[in-house]
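Right, one structure below, let's go through it.
The values are calculated or read from the model by the stated rules, or taken from the named source; none is laboratory data. As the structure is a prediction and not an experimental result, all values here were calculated from the model. Ideal geometry is used to build each Cβ from the backbone, glycine not excepted, and the neighbour counts take in all protein chains shown. These accessible areas exclude ligands, DNA and RNA; they are computed on the full protein's heavy atoms, side chains included. Shrake-Rupley method; radii C 1.70, N 1.55, O 1.52, S 1.80 Å.
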Amino acid sequence: MTLDVHNLTITTSTGLTLLNDVSWSVTSGGRLGIIGESGSGKSLTAAAIMGLLPTGMRATGRITLDGRELTTLPERELRKVRGARIAMVFQEPLTALDPLMTVGKQIAGPLKLHRKLTGQAARTRILELLQLVALPDIERIADSYPWQLSGGQRQRVALAMALACEPDVLIADEPTTALDVTVQAEILALLDDLINRTGTTLVFVSHDLPVVTRVTNDIIVMRDGHVTEHTTAQRLVNGPREPYTQQLFDAATRITALPRKAQP
Amino acid sequence: MVRFIALRLAALIASLVLASAVIFYVLRKLPGESAGATLGVGTTVDQLDLLRAELGTDLPVWQQYTSWIASLFDGSTTSFISREPVSELITSKLPITLPLSIAAFVVAVLISIPLGVIAGVYRESVVGVVVSALSQLGLAIPVFWVGLLLVWWFALRERWLPSGGFPRTGWEDPGAAITSLVLPVVTIAIAMSSVMVRYIRSATIDVVQSDYIRTARSLGYSMWGALARHGLRNGAVPVVAILGIELATSLLGAVVVENVFALPGLGTLLLTAVTGRDFPVVQNLVLLLTVVVLVMNFLVELLQRAIDPRLQATSAAGASA
C-alpha cells in the first residue's frame, strides 16, 4: 500500500493559493506526522486526500492510492474509498458524532455501507470494535448517545468507527487537541497500540510537536501552505533543525519538558 | 414524564387565567360601548340603561368577569347582538375556517420543506439564492395584497376561480366549496411558506455544516445520504418549533384573508363582533385562539422531546435538583 501526494496545490475560487506544491508519500505500516501552526494547510491536505475540500476550493497535482489517482476519481468511486480504504478521525469527538443517534447505530453505518453487515452480524462486529478501543461495559456504550459519554470515550468511539472497515490508512486530524491532558495520553497510547496491532498506516496531523513525535516516525513540517522540512521524529528530537522547526520546538519545550518517544 | 406533563398543564391553566383577564380588561378599555353600538344614534338614556341592565354591562367589571368565566364552563355565553350562544356561532363557522387554515398549513409545509432544504444545501449557487430571494419577497408583501393580486389574476382576468364568498349550502356541494377556498388557501400558504422556508433553510445550513455530516461523508456516505441519515432528525428539532407556531398563526392569518375573500368564517365573525362591541363573542374567540396557541406550543415541546433525548435528560436533571 502506498499513499502518494505529489505536487498538491489547493486554490480558492478567488485565486488564493492555500497549499503550494506539497509532496510526500507513506507506505504500509508507515507513520507520518504532519505538523504546523493553524493555517499552515495541514488539515486541508487531509481534507484533499478524503476528497472533502470545502466548496469552491480546487486541488491540482496528484494523490494516488496504490497508483490509483484519487483527485480525478468520480464521486461514486471515491465514496468506496472513504471509510473503507482511507478513514479519518477528527478533532472534536462531541460534534463529530451525531448527538441524536446511539453510538452502536453510528458504527453500524460504515459496516452496512462497505461490508453489507446488518443485524446480529453487525452487532457482533460493533461490540468487537468497542472492545478493540478498550471501552468498558460495551453493551451499554453501544446503546448510549454520544453526550452520555466522556470526551475520551467519545474519541474511542470515533476511532472504532474509523477502523470499522479495516482501512489501509487512518488520517487523524488533531485527535487529542480537544481532550484533557491525561485523556490525551491515554488516547495516544491507544492509537499507538491500535496501529501496531492492525498494521494500519497512520497520517497524524497536529500542531502539537511532542504529541506528533510520540506516535510517528516520518515528519513533515508545514508553514503557510509549504513543506518547510521533511525529517524524522528522531532527528527532530535530537536536532539540528530548520529555523521554523526550531521555533516550534522551542515553543513546545518552553511549555513542557519533551516526553521520550516510545519506539525508535 | 408525568411530572413534566403535570407541570405543563399547570402552566397552561395559569396562562389561560392570565390571558382571560387581559382580554377582558382590554376590551372594557376600548372606546365605545356595547349598548350604544347596538342601539345606534338617536336612542334615549332610558333605552340605553335598559339594555345595559339586560346585558349586565352596568355591573362592576369584576362581577362581569366572574359571570363570563362561569358562563365559559356551562357554555352559556351568549352574543350581545344576536343573543345566540357563542359556542354555536363558533361551531357554525368552523367548517370554513378549519379546512382553510389546515389546508393552508399543509400546502405551506409541502412547499417550504423541499424549497428550504434546497436553499440550504445549494446556498452558494443560483438555485439557493433565487429561493431565498423569493422567500424574502413573500415576507415583504402583505398577505391581503397577495390575496388581491391572486383575485385580480385568477378570478377577474382568467375567470378560473371565484373571487370570494362561500356557497350558501356550505359543504353540500364539495366542488363549489373547495373552489371557493383555493385562492384563500394559496394566499395564506404563500405568506406562511415564506417564513418557513427561511427557518428550514437555516436549519439545513446548520446541519450541512455540522461535523457529524463531515464524519458521515468521511465514512463513505454521499451528501444526500448523510443528510437523510443524520440531518432529518437533527434538523427537525428547530423546524418542529416553527411549524407549531405557524399552524397556530394560520388561524390568525385566516382572520385577514377571510375578510379579503368575503368568507363567513371565524375571522369575519371576529371582525363583526369587534365593530359591534359584541364582547362575549370577541372574548370567547380570542380565548379560543389563545388555547390553540398554548396547546400547539405544548405539543411542539412533547414532539421535540421525542426527537431529541437530550431535552429529557436535562429536564430530568433539573427536576431532581
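Just need a number here: residues in the stretch A:91-100 that are surrounded by fewer than 24 Cβ atoms within 10 Å (Cβ to Cβ) and either among the charged types (D, E, K, R) or more than 9 Å from every other protein chain (Cβ to nearest Cβ) (or both).
1
Scan the stretch A:144-165 for residues that are facing chain B (nearest Cβ under 9 Å), outside any loop (DSSP other than H, G, I, E, B) and under 15 Å from the mean Cα position of the chain (by Cα) and report the count.
3
If you go through the stretch B:122-137 one residue at a time, do you hit one that is surrounded by 15 or more Cβ atoms within 10 Å (Cβ to Cβ), farther than 19 Å from B:Ala254 by Cβ, under 21 Å from the mean Cα position of the chain (by Cα) and modelled with pLDDT of 90 or more?
yes
With B:Pro184, B:Pro142 as the choices, which residue is under 19 Å from the mean Cα position of the chain (by Cα), free of Cβ contacts under 8 Å to residues at least 24 places away in the same chain and within 20 Å of B:Ile111 (Cα to Cα)?
After applying the criteria, what remains is B:Pro142.
Give the number of residues within the stretch B:202-237 that are more than 8 Å from chain A (Cβ to nearest Cβ), surrounded by 21 or more Cβ atoms within 10 Å (Cβ to Cβ) and among the aromatic types (Phe, Trp, Tyr).
0
Restricting the search to the stretch A:166-205, which residues are over 19 Å from A:Thr2 (Cβ atoms), touching a Gly at 6+ places or on another chain (Cβ under 6 Å) and not in a helix (DSSP H, G or I)?
Within the stretch A:166-205, just A:Leu179 meets the criteria.
Report every pair of residues separated by at least 6 positions or lying on different chains whose Cβ atoms are under 7 Å apart, first residue within the stretch B:37-52 and surrounded by 10 or more Cβ atoms within 10 Å (Cβ to Cβ), second modelled with pLDDT under 80.
Cβ pairs passing all conditions: B:Gln47/B:Leu39; B:Leu48/B:Ala35; B:Leu48/B:Gly36; B:Leu48/B:Leu39; B:Leu51/B:Ala35; B:Leu51/B:Thr38; B:Leu51/B:Leu39; B:Arg52/B:Ala35.
Which one of these is open to solvent by 60 Å² or more (accessible area, probe 1.4 Å) and in contact with a Pro (Cβ under 9 Å, 6 or more places away or on another chain): A:Gln247, A:Gln234? Before you say what the answer is, go through the steps one by one.
Values: A:Gln247 fails: in contact with a Pro (Cβ under 9 Å, 6 or more places away or on another chain).
Unique residue meeting the criteria: A:Gln234.
Return yes or no: is B:Thr97 at pLDDT 90 or above and open to solvent by 60 Å² or more (accessible area, probe 1.4 Å)?
Here the answer is no, as B:Thr97 does not meet what is asked.
I'd like to know if the stretch B:154-163 contains one or more residues that are more than 14 Å from every other protein chain (Cβ to nearest Cβ), within 17 Å of the chain's Cα centre (by Cα) and of a type in the set (A, V, I, L, M).
Checked against the condition, which is being more than 14 Å from every other protein chain (Cβ to nearest Cβ), within 17 Å of the chain's Cα centre (by Cα) and of a type in the set (A, V, I, L, M), the stretch B:154-163 yields no hits at all.
Looking at the stretch B:67-87, which of the residues that are exposed (fewer than 13 other Cβ atoms within 10 Å of the Cβ) and in a helix (DSSP H, G or I) is nearest to the chain's Cα centre (by Cα)?
Checking each candidate, the answer is B:Phe73.
Scanning the stretch A:1-23 for residues that are farther than 12 Å from A:His226 by Cα and under 20 Å from the mean Cα position of the chain (by Cα), which turns out most open to solvent (accessible area, probe 1.4 Å)?
Out of the qualifying residues, it is A:His6.
Here is a list of conditions, (1) of a type outside the set (Phe, Trp, Tyr); (2) within 14 Å of chain A (Cβ to nearest Cβ); (3) under 30 Å from B:Val61 (Cβ atoms), and B:Leu251 meets all of them except one; can you say which number that is?
Going through the list (1) of a type outside the set (Phe, Trp, Tyr); (2) within 14 Å of chain A (Cβ to nearest Cβ); (3) under 30 Å from B:Val61 (Cβ atoms), B:Leu251 breaks only (2).
Does the stretch B:236-250 hold any residues that are in contact (Cβ under 8 Å) with a residue 40 or more places away in the chain and over 18 Å from B:Pro142 (Cβ atoms), and which are they?
B:Ala236, B:Val237, B:Val239, B:Val240, B:Ala241, B:Ile242, B:Leu243, B:Gly244, B:Ile245, B:Leu247, B:Ala248
Charged (D, E, K, R) and part of a loop (DSSP other than H, G, I, E, B), is that true of A:Arg241?
Yes.
Among the numbered criteria (1) more than 19 Å from the chain's Cα centre (by Cα); (2) open to solvent by less than 30 Å² (accessible area, probe 1.4 Å), which one does B:Gln312 miss?
Every listed condition holds for B:Gln312 apart from (2).
Taking A:Met88, is it open to solvent by less than 60 Å² (accessible area, probe 1.4 Å) and over 21 Å from A:Leu209 (Cα atoms)?
Criteria not met by A:Met88.
Out of the residues in the stretch A:101-119 that are farther than 16 Å from B:Ala226 by Cβ and open to solvent by 20 Å² or more (accessible area, probe 1.4 Å), state the one that is farthest from the other protein chains (Cβ to nearest Cβ).
Checked the stretch A:101-119; the qualifying residue farthest from the other protein chains (Cβ to nearest Cβ) is A:Gly119.
Inside the stretch A:32-46, can you point out the residues that are open to solvent by less than 40 Å² (accessible area, probe 1.4 Å), touching a helix residue (DSSP H, G or I) at 6+ places or on another chain (Cβ under 9 Å) and either free of Cβ contacts under 8 Å to residues at least 24 places away in the same chain or not aliphatic (A, V, I, L, M) (or both)?
Answer for the stretch A:32-46, where residues must be open to solvent by less than 40 Å² (accessible area, probe 1.4 Å), touching a helix residue (DSSP H, G or I) at 6+ places or on another chain (Cβ under 9 Å) and either free of Cβ contacts under 8 Å to residues at least 24 places away in the same chain or not aliphatic (A, V, I, L, M) (or both): A:Gly33, A:Gly36.
Quick one: B:Ile81 ticks every box in (1) modelled with pLDDT of 85 or more; (2) within 17 Å of B:Thr272 (Cβ to Cβ); (3) among the aliphatic types (A, V, I, L, M) bar one, so which box is it?
(1)
Among residues belonging to the stretch A:52-77 that are closer than 19 Å to A:Asn20 by Cα and within 14 Å of chain B (Cβ to nearest Cβ), point out the one that is least open to solvent (accessible area, probe 1.4 Å).
A:Leu70
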